[in-house]
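What follows is a set of notes on a single structure, which appears directly below.
Bear in mind that the values in this text are calculations on the coordinates, not laboratory data. Note that the structure is predicted; figures quoted are calculated from it, not measured. Cβ coordinates were reconstructed from backbone atoms using ideal geometry, including for glycine residues, and neighbour counts include every protein chain displayed.
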Amino acid sequence: MNQIVQLFTNVDLRMKRLEHVMFKIGSNETLLAGMKGQISEIDSDLKIMIEKDKDRDDSLMKISNLCDKVSKKTEENYARIEKLSTEVKSINDHSKSVVNQVSTIESEHDKLVQTVIDVQCRSMKNNLIFHGLKENTGENTEELPRLFIARELGVDYHFKFGNVHRFGRHDIIAQL
């Protein structure tokens, strides 16, 4: 009987151990169920993060492409600015040359004007201008100054005029 008691004691001990192990398994199952829920949440969060990361990659790719375009356009603009700068310098140099030529032409023009005035004065030095002689239709403009000189001035000399004509309203010019 001792053996039976011993056997029951052993069985009872084993049963207690088994209950203890079963209790631990039960609490581990509860822990595992909780961990399974947490893993499910983590998995869901990970999927969201992967999508956001993909969206960020797409955005970064767009930004990179935009930066490439801006860089290319900046280089093109820089080249255009350099070209325009060279052209402006060339135009400025040409402009200075034109200004010098215009200055020379103005100086020569002033000299020519003075020469023309001198020639006009010289050509007019032998001119006689008669004011106040009435204008008649069919008149002989060369004879009018001769008659005036003879009657009004009392000079009895036959002047030979080179060119006689009226200018203005009534004045007569007679060139000796």
Is the range 68-176 best put as rounded, prolate or oblate by its Cα gyration tensor, with a ≥ b ≥ c the root eigenvalues, rounded for a/c under 1.5, and otherwise prolate when a/b is larger than b/c, oblate when not?
-> prolate
Ellipticity estimate at 222 nm from DSSP helix runs (n ≥ 4, -39,500 (n - 2.57)) divided over the chain, nearest 500 = -29000 deg cm²/dmol
List the lysines whose alpha-carbon lies under 22 Å from that of residue 134, not counting same-chain residues fewer than 8 positions away?
-> 160
Relative to the longest principal Cα axis of the chain, at what angle does helix 2-124 sit, 0 to 90 degrees, rounded to 10?
-> 10
Multiply the residue gap between residue 74 and residue 101 by 0.36 nm, knock off their C-alpha separation, and tell me the result in nm, one decimal place.
-> 5.7 nm
Please work out the FRET efficiency for the pair residue 160 and residue 137, using the Cβ-Cβ distance as r and a Förster radius of 35 Å; give the result to the nearest 0.05.
-> 0.85
Tell me, what is the FRET efficiency for residue 20 and residue 45 to the nearest 0.05, using R0 = 35 angstrom and their Cβ-Cβ distance as r?
-> 0.45
